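This report concerns only the one structure given below.
The values are calculated or read from the model by the stated rules, or taken from the named source; none is laboratory data. Note that the coordinates shown come from a computational prediction; the quantities given were computed from them, not determined experimentally. Note: ideal-geometry Cβ built from the backbone for every residue, glycine included; neighbour counts use all protein chains shown. Heavy atoms of the whole protein, side chains included, go into the accessibility calculation; ligands, DNA and RNA do not. Shrake-Rupley method; radii C 1.70, N 1.55, O 1.52, S 1.80 Å.
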Amino acid sequence: MESIINEEIMGSSNSDRNSRFNFVKNFYLSGLSKIEEVGKCAAKKAADFISNLTGNPVEIGVVNVMLITPFEIKKELKDEEKIFTGIKFSGEIKGVGVLIFSEESALKLSKSMLVEMGMDDGSEDNILDDMKISAINEACNLIISAYVDTLANFMNTSLNMSPPSFIKGPEREIMEKIFKDNNTGDNDIILTFKSELFSQGIGSGFEVLIIMPPDSLNTLFQKI
């Protein structure tokens, strides 16, 4: 936690550093346990959705709720090609929810969904065609809605969601774009929900990442 704070406050004035440090400290003391419960509840809903979509049981591997900076996140990214599907949400708070797959896991998930729906698309298993992409986007819609709806219920508000978008490319490049599109600077403190879901039908599984920018983080904190 200290390394995150230190990276974030570099270049700030003393008053900025003190206020930001106190904000993070107070959030951890009074609010993080509540937000962790939101994350766990949302991850459980998401796992149930995937189990229903694919007919396979789903295990929740990791549920992390973090106050972190994009700088810290990007330090861990690689240039490995990944599949991303994302949905923006807006209202009293805003942000973006992203599913991150390997291509193998994306293919397995989409095929499992199509089989469960009794749909045989007649395509090769190793080709992400329009039907498989549509299935992945539907999974994104249901999974991200589990997180967004849980947050909205927690805040006693309603949130709007955009249609899902699909993109394939280098992990580092795509995450850079996501942060830029959400007006999030390298040293902003952001809230992330990170979950890993595993299923026999989708191989190694995938990551769920919910990113909320500083202004929404402030609003959320005031609601706690």
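Data table
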item	result
Lys45 being charged (D, E, K, R) and modelled with pLDDT of 80 or more	yes
Condition met for Ile136 (β-branched (Val, Ile, Thr) and either more than 16 Å from the chain's Cα centre (by Cα) or buried (at least 20 other Cβ atoms within 10 Å of the Cβ) (or both))	yes
Wholly within the range 45-105, strands (runs of 3 or more DSSP E) carrying at least 1 residues that are open to solvent by less than 60 Å² (accessible area, probe 1.4 Å) and charged (D, E, K, R)	81-91
Condition check for Ala152: closer than 22 Å to Val63 by Cα and not β-branched (Val, Ile, Thr)	yes
